[in-house]
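Novice: Below you will find the structure I want to go over with you.
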Amino acid sequence: MNITTVGIDLAKNVFQVHGVDERGSAVLRKMLKRGELVKFFTKLLPCLIGMEACGGAHFWARKLTELGHNVRLMAPQFVKPYVKTNKNDARDAEAICEAVGRPNMRFVPIKSIEQQTLLGLHRARQAFVAARTAQANQLRGLLSEFGIVIPNGIHYLNGLPEVLEKAGSGVSSTSRELFNRLYSHFRQLDRQVGELDLQIRAWHRESAASKRLEAIPGIGPITASAMVASIGDAKTFKNGRQLAAWLGLVPRQDSSGGKDRLLGISKRGDTYLRTLLIHGARSVLIRLKFRTDQAEGWLARLAKRRNPNIAAVALANKNARIIWALLARDRDYQAGHVSVRTKALA
């Protein structure tokens, strides 16, 4: 049995495997338990293995690569068109096996342990920030029922104990105890965010690539470290526009009959990375109002004639392309840099 290509439908405990030979004929249809997967592929001759980029995919990709196999990860939406008739694990594995052999298929780079560790810190921080915001909103809503209105902003809640003390008899002892409990939970979430910030910044200081990205306006240690950990090898993208498209910062197309029709941004890819880039771009636009020396720049002219949200997305798109150029070409950021091709056209 000469197996050249294998498709694996990943799961928690039961894995479906589909293999074909050099002629494309199915020679393997097998269900394996979690403990049997490594043993099975240890005995199998090196071959091309395809998997969907889902939970646990990067772990299994590294494990099978160590056994000498050529492992490729694919986005699930690219595999779906190859599923025949009704969906089940066996047909999913067959579709993965078919898709991984296509010459024009796009693959997901395998993340290292270091990349996944840093991204885990980012995901945990993101969850703590969301929980902290929810807790702050709940506190404001309950306090408003007692006539206590606290302005928007996390830092305004730090003075809550003094506010409750001034309220006096306007707040019952039971409500005061509840507010103290909620405030204690808010402070605990805030400490968790701060501790994770310190860990991420410590990694950022040790990474030359991350520090290089920090020089770009609108990008700080959080955004820079997240981009470096997510992108990995920037040369997997042909150019900066491909990276911007991967982040969902380019227009969606609805073109037909030779007529091009562009819509809003596609919002594909990682929502977290796109949000960081756009929020960073908004901070640059806010500072632009106080920078008279940049009143005639590209961004200032764009902000005058277009909606602020459109200007923020445009700057985020530009920053994504700059990120690709710095990582792929191992260069430092230079404000006002003009490419050789642009100079030649001028």
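Taken together, the values in this text are just the output of simple stated rules run on the coordinates, not laboratory data. Just so we're clear, the structure is a prediction, and the values are computed from it rather than from any experiment. Neighbour counts are summed over all protein chains in view; Cβ atoms, including those assigned to glycine, are modelled from backbone coordinates with ideal geometry.
Novice: Give the calculated FRET efficiency between R329 and F146 to the nearest 0.05, with a Förster radius of 51 Å applied to their Cβ-Cβ distance.
Specialist: The formula returns an efficiency of 0.30 here.
Novice: Residues of segment 86-107 with amide nitrogen under 14 Å from the 7 Å Cα-to-Cβ point of S266?
Specialist: 106-107
Novice: Could you line up R72, R191 from fewest to most neighbouring Cβ atoms inside 10 Å?
Specialist: R191, R72
Novice: Please give me the summed charge of the neighbours of M74: other residues whose Cβ is under 9 Å from its Cβ, Lys and Arg +1, Asp and Glu -1.
Specialist: With Lys, Arg at +1 and Asp, Glu at -1, the net is +1.
Novice: A follow-up question, please. Tell me, what HN-Hα J-couplings in whole Hz come from the Karplus equation 6.51 cos²θ - 1.76 cosθ + 1.60 at θ = phi - 60° for each residue of segment 133-138, using x for Gly and Pro?
Specialist: Per residue, the Karplus-derived 3J(HN,Hα) values read 5, 5, 5, 5, 5, 5 Hz.
Novice: Please give the net charge around S283, taking every other residue with its beta carbon less than 15 angstrom from that of S283, where Lys and Arg add +1 and Asp and Glu add -1.
Specialist: After counting each charged neighbour, the total is +4.
Novice: Still on this structure, I have one more. Of (1) 44, 31, 20; (2) 37, 21, 20; (3) 26, 25, 21, which one was derived for semi-axes √(5λ) of the Cα gyration tensor in Å from the structure shown?
Specialist: Comparing each candidate, only (1) matches the computed number.
Novice: What list do you get for D92, D21, D254 if you sort them by fewest beta carbons within 10 Å? Before the final figure, lay out the partial values.
Specialist: Working: D92 23, D21 15, D254 10.
Fewest-to-most ranking of D92, D21, D254: D254, D21, D92.
Novice: Given the C-alpha centroids of segment 140-214 and segment 50-129, what is the distance between them in whole angstrom?
Specialist: Comparing the Cα centres of segment 140-214 and segment 50-129, I get a distance of 38 Å.
Novice: Right, next: Could you state the angle between the C-alpha long axis of helix 271-288 and the longest principal axis of the C-alpha atoms of the chain, as a value from 0 to 90 degrees rounded to the nearest 10?
Specialist: In the chain, helix 271-288 runs at an angle near 40 degrees to the longest axis.
Novice: How much length, in nm to one decimal, is gained on full extension between R34 and R287, taken as 0.36 nm per residue of separation minus their Cα-Cα distance?
Specialist: Answer, rounded to one decimal: 85.7 nm.
Novice: Hey, for a label at I310 modelled as a point 7 Å past Cα toward Cβ, could you say which residues of segment 224-253 have their backbone N under 16 Å away?
Specialist: Only 250-252 pass the distance filter.
Novice: With n ≥ 4 as the cut-off for DSSP H runs, can you work out [θ] at 222 nm for the chain, using -39500 (n - 2.57) per run divided by the number of residues, rounded to the nearest 500?
Specialist: Using -39500 (n - 2.57) per qualifying helix, the result is -17500 deg cm²/dmol.
Novice: Net charge near L263: determine it from the other residues with C-beta under 13 Å of the C-beta of L263, scoring Lys and Arg +1 and Asp and Glu -1.
Specialist: Taking every Cβ under 13 Å from that of L263, the sum is +2.
Novice: Now a separate question. Search the structure for amide H atoms under 5 Å from the amide H of T4, placed 1.01 Å from N in the peptide plane, and list their residues when 5 or more places away or on another chain.
Specialist: Counting only residues 5 or more places away or on other chains, the set is V20, D21, E22.
Novice: Continuing with this model, one more query. If the chain between W298 and A11 were fully stretched, how many nm would it gain, using 0.36 nm times the residue separation less the Cα-Cα distance?
Specialist: Length gained between W298 and A11: 98.4 nm.
Novice: Here's a follow-up. First measure r as the distance between the Cβ atoms of R205 and K235, then evaluate 1/(1 + (r/R0)^6) with R0 = 22 Å and state the FRET efficiency to the nearest 0.05.
Specialist: 0.35
Novice: Another one. Within 10 Å of each residue's Cβ, count the other Cβ atoms and sort H58, H185 from fewest upward.
Specialist: In order of increasing Cβ crowding within 10 Å: H185, H58.
Novice: Using 0.36 nm per residue, how much length does the chain from Q242 to D89 gain when fully extended, once their Cα-Cα distance is taken away?
Specialist: Result for the pair: 51.9 nm of gain on full extension.
Novice: Top mean-square fluctuation among S230, S184, S169, Gaussian network model of the chain, C-alpha springs under 10 Å?
Specialist: S169
Novice: Taking θ = phi - 60°, what integer Hz values does the Karplus form 6.51 cos²θ - 1.76 cosθ + 1.60 yield along segment 320-329, in sequence order, with x for Gly and Pro?
Specialist: Running phi through 6.51 cos²θ - 1.76 cosθ + 1.60 with θ = phi - 60° gives 4, 5, 5, 4, 4, 4, 5, 6, 6, 9 Hz.
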